[in-house]
Structure formats: C-alpha cells, structure tokens
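**Student:** Right, I'll just put the structure down here and ask away after.
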Amino acid sequence: MKRNNFGYYIREGNKGIFVHGFMSFAAICAIIACLLIMGSFVLITLNLNNIISDLERESEILVYIDDNLSEAEAKSVGSNINMITNVQQAVFVSRDEALQDYIGQQDDPTLFDGVDATTLRDRYRVTLLDIGQTKDTVTKIEAISGVAKVSAHYEISNGFMTMQSILNVASTAIIAILMIVSLFIISNTVKLALYDRREEIAIMRMVGATNRFIRGPFLIEGFTLGIVGAAIAFFAEWGVYSLITVRIQAVDTMKLLNLLPFMDIWAPMAAGFAAVGFVVGVIGSALSIRKFLRV
Amino acid sequence: MIDLRNVTKTYDNGAKAVKGISLHIEDGEFVFLVGPSGSGKSTLIKLLTAELLPTTGMVLVNNFNTGKIKRSQIPYMRRTLGVIFQDFRLIEKKNVFDNVAFAMRVIGASEKEIKSRVPYVLELVGLENKSHRLPEELSGGEQQRVAIARALINNPQMIIADEPTGNLDPARSLEIMMLLERINALGTTMMVVTHEKALVNRFSKRVIAIDDGLVISDGMDGYYNYETE
C-alpha cells in the first residue's frame, strides 16, 4: 500500500501551526527579530566593504622621486614600483604636470605665474589593491632606489579596516547566538505540538508508521514557521533599509557615502533569509522530534 | 507465529522483569496470557512489539527477530501485529471511521483502499452504523470495538490484546471476547492478556501463566488454574 504522503504532511503540519497559535506566533516573532538583527549586521558589513572598496579605488599614495634624477630616470623607477604585489597601478606625474594640477586647483591661478616647476619633484600616483596593507607597501616603496619620500594617509583606511574587523566578529557572534535562540524557540513550539499529540504518535508507532511518516508533519510545521518568519523579516528589512538609505543620502555630509541600493543585493539577501529560516525551522523541529522517535 | 527462546529482560535499574521464558505460539492459535501484576506480562508484550529488546535470548515475531532487525525494519514488523489496549487509546478528535482509517493512512494506504476496507471492518465489529460518531459518544464496549477494528484494519497476522476487557462490565467483556474468538476463527492469531479468571474459563483455549518473570504453567485445557492474588 503506497501513496504520496506529502499532502498529509502539509495538511497536518499546517494544522499544528494553528492549534498552537500563540507558540507559533512567538516562534515567528523570534525568527523575525533574529533575522532583522542578522540582516542589519550583514547590510552594515556589506556597505562597509563597499566603502572600503571605494577607498581602495580612490585613495592613492604619492611617491616623490629624488630631485637629482632626470625625468627619464624617474620614469624608470615606476617599473620597480609596479613590481610590488599590492600595487594596482603607478602613474607617473612630471613636475610640470604636478604644477599645472596644483595651479588648476587654486581659486586664483594668476598668483602662480612665474613659478618654476623645478621647485617640485617628479612623482608617482600609486593605487593599491588592498589598503589594509598600506603600511607594508609604503615600506617597500621607500626601499626602492630613487624614491625620496612617500606620502600616504592610511589612518582613515585603518579606521575602516578596524571597524570592519570588529563588525565581522560581532556579527558572527550575534548571528550564532540569535540562531541558537531561534532554534530553541522553534524546537519548543514543535515540542509542544508533539506533546499534545503524544498519544497519536504512540498509536502511529504501534500500527507501524515509519519514523519518516511521523516526522513529516512536524518538519513541515517547523519549515513553514521558518519560511514565514524569514519572508516577513526580509520585507521588513527591505523597507527599513530603503528608508534609512534615503534619509542618509538626504544629509549633505553623508552624500559621499556610496550606500548599496537594496535592489542590488536583494537576491543574495532573500536567499540568505530563506536559508536561515529553513535551517532554523527544520533543524529546530528535527531536534524536538528525535526523542519521540526512539524505539 | 511467535517463538521465544530463553528470553530475559533486565532493565537499566537492574530489575529483572523476564528471567528466561521460552514459548511457542503457532499461527492461528488463541492464547490467554495470565499472571499477577508485576509478573512480567507487560514486559513480555513490549518485547513482542519491539518497544523493548531482550537482554538475552531470541524473540521471533512473524519471522522478525526483534533482537537483530534494524530499527528501520521495526515499523514493518509492527504491521504484522494488531495491538489492543485496556484504555482503548482512541484519538478523541477523530470519529470512528477516521480512528480506524488512521491506521491505514499511517502506512501509506490510498483513500480508495481506505474507503473500501474501513466499512468492511466496521461491519465485522458491529459498528457500521456508528462510523461518524466521536469516541466520547460511544459506550466502553463500543470504544473497544473501534480499537479492535483499528487493530484488524491492516490485516495483521496476530493480535495482542492487553487487558481488553479491563474497563468493561461482564456482559460487554463477554461480547468482546466472543468477537476476538470470531476474528481468531477467521485465521488471525490471538494473544489475550487478562486477569479475569471467569472469562478465561468460559473459553476452552490455551492458557499460559507467568509469574516472577517465568512461565509457571502452559496448558491446553482452557482452565485458569493459577491463583493471581
């Protein structure tokens, strides 16, 4: 006697959710709270990574070449700079170009008429692959023959990197704790359902129901709670994040921060939320039902 | 068919509930299992249904060796048995039809099979007109008939009835025993665990008496010659 039991699992699993309405509500709320906090940390981390990437693209260090070198000799130093692993690009800027750039940035360029470019040095604008290694890279560049001075402002990047490291550790710890809390709540919700139906389960076992058959409805119950919680949390996160980004972008001083639009990251976020909802729901149920299925 | 060979069962706390029982029950037999409280009857039933595994010895139930089969095979072994309890163990929220059908559903029967088999079995136990009633709307005797129908529904090779008349008056008890005898006549092996001396002695069946974890008598004379208290 074989038949597809999936319909039975869904029917019984969903019935369980409504029979223990309050606990189901509590479980869904716990998952929403957990995922909202988790999602917020992920969004902050993603944005911080994005800002650091921007900094990496935009921040550059200036490498000044020894006055005594000719322009041709100064250009040859560039190949040594480019050989350093962390260097993305080294662009040569001659004294004349440097002077023109400088004058171009001034309000009244006429003040600099007659200024000789020899007062400046040839230089390289160097961009890095990883600004976390700025200090090491500067040391390597300073060791190159013909380099007179290296100017780098790595305090800001170091600040971001430190914040990113702290956030990574904090978010991992918080995510782990919240997942355990959610697992515990889901597990208790399902345990209540199991306790309520213990006679039924005993009868099922006695008439020869397989463990898979007995487990099915409870796994569906946990899965549904997890996915419903994840879906609500996802849309709430979307709404709150969009609101916050709009507010931040409205502040003049914050406009420079390039925040990720939610539409750019909704797919991995949705997949992450669904995965956490699924894992918390199904594993929470599976943990509860294990002891009821011992022979 | 049941075959027990030198079966012992010692619980984790050291209590020896079964101390070396050997017995053989052939297919189609009707057997009463009698004995006082604490004699080991319940443990013996749990060994037969594989709720417990023997400490030593062999328990063979319908060709399944419960001490050796994989855990995943236990449900399939249980499908060869029907178990009836003193307290009926019906699901209060389900009506008579669904209580019986439930035993078919959990082993994956189709709705078509359920709709064809359940009315037949309800008729066999005399409940064809009460299929939509809830258990609380039935008398004790009727509730036990539902339990018997549920035990029968998957056509088991053997029925184990644990004090099936313990909650019933003498007249209803006799009805239930006669029903079990009729089911046995149709070919199902029957083991009835009971305390009720008068009831046992009304039927000329094999009576196995156990006490202190041992079989103390096993007779075909149909006479309950063991004093329980």
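**Student:** Looking at the structure I just gave you, is A:Asp122 in contact (Cβ under 8 Å) with a residue 24 or more places away in the chain and of a type in the set (D, E, K, R)?
**Tutor:** Answer is yes for this residue.
**Student:** Given the options A:Ser53, A:Ser24, A:Ser59, name the one that is without any contact (Cβ under 8 Å) to a residue 40 or more places away in the chain and among the hydroxyl-bearing types (Ser, Thr, Tyr).
**Tutor:** Criteria check complete, one pass: A:Ser53.
**Student:** Here is a further query. Answer yes or no as to whether B:Val118 is crowded, with 16+ Cβ neighbours inside 10 Å, out of contact with any Leu (no Cβ under 9 Å at 6 or more places or on another chain) and closer than 19 Å to B:Ile183 by Cβ.
**Tutor:** Answer is yes for this residue.
**Student:** Moving to a separate point now. Mind checking whether some residue in region B:51-62 is crowded, with 21+ Cβ neighbours inside 10 Å and either within 11 Å of chain A (Cβ to nearest Cβ) or on the phi > 0 side of the Ramachandran plot (or both)?
**Tutor:** Scanning region B:51-62 turns up no residue that is crowded, with 21+ Cβ neighbours inside 10 Å and either within 11 Å of chain A (Cβ to nearest Cβ) or on the phi > 0 side of the Ramachandran plot (or both).
**Student:** Mind checking which pairs have a first residue in region A:192-204 that is within 11 Å of another protein chain (Cβ to nearest Cβ) and a second that is not hydrophobic (A, V, I, L, M, F, W, C), Cβ under 7 Å, 6 or more apart or different chains?
**Tutor:** A:Glu199/B:Arg89; A:Ile203/B:Arg89
**Student:** Within region A:245-262, does at least one residue satisfy the condition of being in contact with a Cys (Cβ under 8 Å, 6 or more places away or on another chain), crowded, with 16+ Cβ neighbours inside 10 Å and part of a helix (DSSP H, G or I)?
**Tutor:** no
**Student:** Can you tell which of A:Ser242, A:Ser182 is farther than 22 Å from B:Lys93 by Cα, modelled with pLDDT of 85 or more and not β-branched (Val, Ile, Thr)?
**Tutor:** Going through A:Ser242, A:Ser182 in turn, just one is farther than 22 Å from B:Lys93 by Cα, modelled with pLDDT of 85 or more and not β-branched (Val, Ile, Thr): A:Ser242.
**Student:** So, in region B:131-183, how many residues would count as being surrounded by fewer than 21 Cβ atoms within 10 Å (Cβ to Cβ), touching a residue at least 60 places away in the same chain (Cβ under 8 Å), away from chain A (no Cβ under 13 Å) and of a type outside the set (D, E, K, R)?
**Tutor:** Residues in region B:131-183 being surrounded by fewer than 21 Cβ atoms within 10 Å (Cβ to Cβ), touching a residue at least 60 places away in the same chain (Cβ under 8 Å), away from chain A (no Cβ under 13 Å) and of a type outside the set (D, E, K, R): 2 in total.
**Student:** Select from region B:70-115 the residues that are over 19 Å from A:Thr210 (Cα atoms) and either under 17 Å from the mean Cα position of the chain (by Cα) or touching a residue at least 60 places away in the same chain (Cβ under 8 Å) (or both) and list them in ascending order.
**Tutor:** If the condition is that a residue be over 19 Å from A:Thr210 (Cα atoms) and either under 17 Å from the mean Cα position of the chain (by Cα) or touching a residue at least 60 places away in the same chain (Cβ under 8 Å) (or both), then B:Ile84, B:Phe85, B:Gln86, B:Asp87, B:Phe88, B:Arg89, B:Leu90 are the ones that fit.
**Student:** How about region A:129-146: which of its residues are within 25 Å of A:Asp67 (Cα to Cα), outside any helix (DSSP H, G or I) and hydrophobic (A, V, I, L, M, F, W, C)?
**Tutor:** A:Ala143, A:Ile144
**Student:** Quick one: in region A:102-141, of everything that is among the acidic types (Asp, Glu) and closer than 20 Å to A:Gly159 by Cβ, which residue is surrounded by the fewest Cβ atoms within 10 Å (Cβ to Cβ)?
**Tutor:** Filtering region A:102-141 for residues that are among the acidic types (Asp, Glu) and closer than 20 Å to A:Gly159 by Cβ, the one surrounded by the fewest Cβ atoms within 10 Å (Cβ to Cβ) comes out as A:Asp136.
Rundown of residues vs (1) outside the structural domain of A:Ile232 (by TED's automatic domain parsing); (2) closer than 30 Å to A:Gln88 by Cα, yes/no style:
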{"site": "A:Gly16", "(1), (2)": "no, no"}
{"site": "A:Ala26", "(1), (2)": "no, no"}
{"site": "A:Ile31", "(1), (2)": "no, no"}
{"site": "A:Gly39", "(1), (2)": "no, no"}
{"site": "A:Leu43", "(1), (2)": "no, yes"}
{"site": "A:Leu48", "(1), (2)": "no, yes"}
{"site": "A:Ile51", "(1), (2)": "no, yes"}
{"site": "A:Asp66", "(1), (2)": "yes, yes"}
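**Student:** Could I ask something else about it? In the list B:Ile84, B:Ile107, which residue meets the criterion of being modelled with pLDDT under 95 and either part of a strand (DSSP E or B) or farther than 16 Å from B:Ile153 by Cβ (or both)?
**Tutor:** Criteria check complete, one pass: B:Ile84.
**Student:** Can you tell which of A:Asn188, A:Asn168, A:Asn158 is of a type outside the set (Phe, Trp, Tyr), assigned to a helix (DSSP H, G or I), closer than 29 Å to A:Ile81 by Cα and away from chain B (no Cβ under 14 Å)?
**Tutor:** Going through A:Asn188, A:Asn168, A:Asn158 in turn, the sole match is A:Asn158.
**Student:** Please work out if A:Gly16 is closer than 30 Å to A:Ile283 by Cβ, in a helix (DSSP H, G or I) and within 14 Å of chain B (Cβ to nearest Cβ).
**Tutor:** yes
**Student:** Determine whether region B:93-106 contains at least one residue that is more than 14 Å from every other protein chain (Cβ to nearest Cβ) and surrounded by fewer than 23 Cβ atoms within 10 Å (Cβ to Cβ).
**Tutor:** yes
**Student:** Okay, moving on. Step by step: first the residues of region B:65-79, then only those that are out of contact with any Gly (no Cβ under 7 Å at 6 or more places or on another chain) and surrounded by 18 or more Cβ atoms within 10 Å (Cβ to Cβ), then the one that is farthest from the other protein chains (Cβ to nearest Cβ). Which residue is that?
**Tutor:** B:Thr66
**Student:** Can you report the number of residues in region B:26-65 which are free of Cβ contacts under 8 Å to residues at least 24 places away in the same chain and of a type in the set (Lys, Arg)?
**Tutor:** 1
**Student:** Quick check on region A:243-256. Is at least one of its residues of a type outside the set (Asp, Glu) and in contact (Cβ under 8 Å) with a residue 40 or more places away in the chain?
**Tutor:** no
**Student:** Something else about it: State which residue is nearest to B:Leu168 (Cα to Cα) when the search covers only region B:116-130 and only residues that are within 14 Å of chain A (Cβ to nearest Cβ) and more than 20 Å from the chain's Cα centre (by Cα).
**Tutor:** B:Arg117
The values are calculated or read from the model by the stated rules, or taken from the named source; none is laboratory data. Here the structure is a predicted model, which means the values were calculated and not measured. For neighbour counting, all protein chains shown are included, and Cβ atoms are generated from backbone atoms with ideal geometry for every residue, glycine included.
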